[in-house]
Amino acid sequence: MDRPSKRTVYLDHAATTPVDPRVVEAMLPFWTERYGNASSVYALGRDAHHALDRARQTVADILNCDPKEVIFTSCGTESDNLALRGVAFDRQRRIGKNHIITSPIEHHAISHTVEQLVDHFGFEATYVPVDRYGWVDPADVLEAIRPETALISIMYANNEVGTIEPIAEIGEIARAHKIPFHTDAVQAGGTLSLDVKALNVDLLSLSAHKFYGPKGVGVLYVRRGVSLLPMQTGGSHERNRRAGTENVAYATGLATALRLAYEEADAANARITSMRDRLIAGVLDRIPDSQLSGHPHQRLPNSASFLFKYIEGESILLNLDQAGIAASSGSACTSGSLEPSHVLMAMGFPHEIAHGSLRLTLGKDNVAEDVDYVLGILPEIVEKLRRMSPLYNPA
Ligand code: PLP
């Protein structure tokens, strides 16, 4: 059989992305000659302060907001934590509201934070259901609203199955009820529109390492008028909402990566979507008892996620790795655990199906030959694993 030579194919861009060399270049001076503290009054400090202002303005332009509404954080997880705890504690303390609406398919940065608010801080949570595509119906959000609802948090796009949620519609409902609405846009950043006005969101989380920026820097957008109890106290950085000496190099890296991503998004999205569609069609066509997970159309341009009957996603990953292909069975944070994905379970898949999940997420460096390579190898891997499975009994 004609087998392509072994190559390295990175198909886990939902886990992280390589830093664009142009981003590295923009960051470098802030560790060497431009090392000032942005709070210092002398020229070196003022230079750092201006660089931070510029980074904040770049982010604000893309989010269609005021730079004062942009907080730099240490990662997407911190942005999510600050949004949820900051708003929940503020509203509990000031006006006695203690109910949170969220979905059962959120990233653990949201779901574990909500669980802690419920278990230790007197909050109640309603998890609105998702359909078999992982899609939240805005009508269910409306129905879940109570007089004591403090906050709604629904992700923009899911990290495991790529489904895009109806954020603008949910935001409209939240606004009509004067309830702050947060969206975790970590997977959407760099690809989908982040216009916070069109999206009707009050708070939005981003993480640079998902759009070719560095790991360890994020953004939380907080609309003017939404008050937040700071989680990190100290100096008056970030307008008293997040203390700690600003990381000018990383803020610059995030802003540069975000700007480049949106300057190049139209071309990149079109190219990646066409590779994704060929990958999806090829897998479903070549592998029996396989199905796409997540929404068939309302999905991230780079996301192809599958379920294969009779086998474990983890074994597929090990075999792909041997062939030089980096992939995931779900979110990077849960891979390695034997629990089936909470996302797939919430979408109604039974354990035995949810275990056979594979997530392939493309990026701007992938080429058509990468798709060919995967399509050449994956069917053999699935077939081999099925032959070893006691559950598999071909007619
Ligand atoms: N939210 C979502 C949807 C994610 O996919 C991730 C990371 O995978 C995070 C939050 C956490 O972001 P970070 O890795 O920057 O903490």
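Read-outs: derived from the displayed coordinates by stated rules, not from any lab. Being a predicted model, the structure only gives us computed values, none of them experimental. Glycine gets a Cβ as well: all are built from the backbone with ideal geometry, and neighbour counts include every protein chain shown.
Here are the numbers for the structure shown:
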{"read-out": "D_trans [Stokes-Einstein, Kirkwood Rh over alpha-carbon pairs] for the chain, 20 °C, 1.002 mPa s, µm² s⁻¹", "value": "98"}
{"read-out": "Order of 39, 153 under a 10 Å beta carbon neighbour criterion, fewest first", "value": "39, 153"}
{"read-out": "Under Karplus coefficients 6.51, -1.76 and 1.60, residue-wise ³J(HN,Hα) of the range 285-292 in Hz, glycine/proline x", "value": "6, 8, 10, x, 6, 10, 8, 7"}
{"read-out": "Likely footprinting exposure, 205, 74, 357, 389, fewest C-beta neighbours within 10 Å first", "value": "389, 74, 357, 205"}
{"read-out": "In order through the range 82-90: 3J(HN,Hα) via Karplus (6.51 cos²θ - 1.76 cosθ + 1.60), integer Hz, x for Gly, Pro", "value": "5, 4, 5, 5, x, 6, 4, 5, 4"}
{"read-out": "Gain upon complete extension [residue 116, residue 232; 0.36 nm per residue less C-alpha separation]", "value": "40.0 nm"}
{"read-out": "FRET E, pair residue 352, residue 284, Förster distance 22 Å, beta-carbon r, rounded to 0.05", "value": "0.65"}
{"read-out": "Per-residue ³J(HN,Hα) for the range 371-377, Karplus 6.51 cos²θ - 1.76 cosθ + 1.60, θ = phi - 60°, Hz, x for Gly and Pro", "value": "5, 4, 4, 5, 5, x, 9"}
{"read-out": "Net lengthening on full extension, residue 367/residue 54 (0.36 nm per residue, minus Cα-Cα)", "value": "109.3 nm"}
{"read-out": "Exposure proxy ranking, count of Cβ atoms within 10 Å, fewest first, for 68, 210, 178", "value": "178, 68, 210"}
